[in-house]
1. Can you report the principal axis dimensions of the chain using only the alpha carbons, biggest first, rounded to whole angstrom?
2. Rounded to the nearest whole Å², what accessible area per residue is found for the range 1-44 with the 1.4 Å probe?
3. Could you give the nm distance between label points at N74 and S57, where each point is 7 Å from its Cα heading toward the beta carbon?
4. For Y32, Y59, Y94, give me the order by solvent-accessible area with a 1.4 Å probe, most accessible first, ignoring ligands, DNA and RNA.
5. Near V29, within a Cβ-to-Cβ distance under 12 Å, what is the net charge of the other residues, with Lys and Arg +1 and Asp and Glu -1?
Amino acid sequence: QVQLVESGGGLVQAGGSLRLSCAASGRTVSTYVMGWFRQAPGKEREFVATISWSGGSTYYADSVKGRFTMSRDNAKNTVHLQMNSLKPEDTAVYYCAADTRLHLGFTTGEYDYWGQGTQVTVSS
């Protein structure tokens, strides 16, 4: 079993930055694809970013491309999401997820483990 714990959320003004972290425990996630998703009130959970096990490949939703950067530190069993130029529409609960398969995942059904989420609120 893998436990994922997100941190780093909070309240920020539009144009500001936040860095989310996701710490894994239980087993190493160094061979897992990792992803970030978000869910705003009344909306479905949506894909934000994903990263290959090596960190060599990353993909982003069009809505965050150029503003968010996902990275991982396999030695520390953690992943990060650097969020810059934040907009009010980025307000959501952000979830970290782990996919035990080798291919990058873009849908919630492809991920096997989930964190409890961290709230990000961007004020205008």
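The values are calculated or read from the model by the stated rules, or taken from the named source; none is laboratory data. What you are looking at is a predicted structure, and each value in this text was computed from that prediction instead of being measured. Methodologically, a virtual Cβ is constructed for each residue, glycine included, from the backbone with ideal geometry; neighbour enumeration extends over all protein chains shown. Accessible surface areas use protein heavy atoms only, side chains included; no ligands, DNA or RNA. Shrake-Rupley method; radii C 1.70, N 1.55, O 1.52, S 1.80 Å.
1. Principal extents (largest minus smallest coordinate, Cα): 39, 27, 24 Å.
2. For the range 1-44, the solvent-accessible area averages 52 Å² per residue.
3. Each label point is offset 7 Å from its Cα along the Cβ direction, giving 1.5 nm.
4. Details: Y32 20, Y59 115, Y94 0 Å².
I get Y59, Y32, Y94, largest accessible area first.
5. Values: positive: R27, R72, K76; negative: D73, D99, D112.
Local charge sum for V29: 0.
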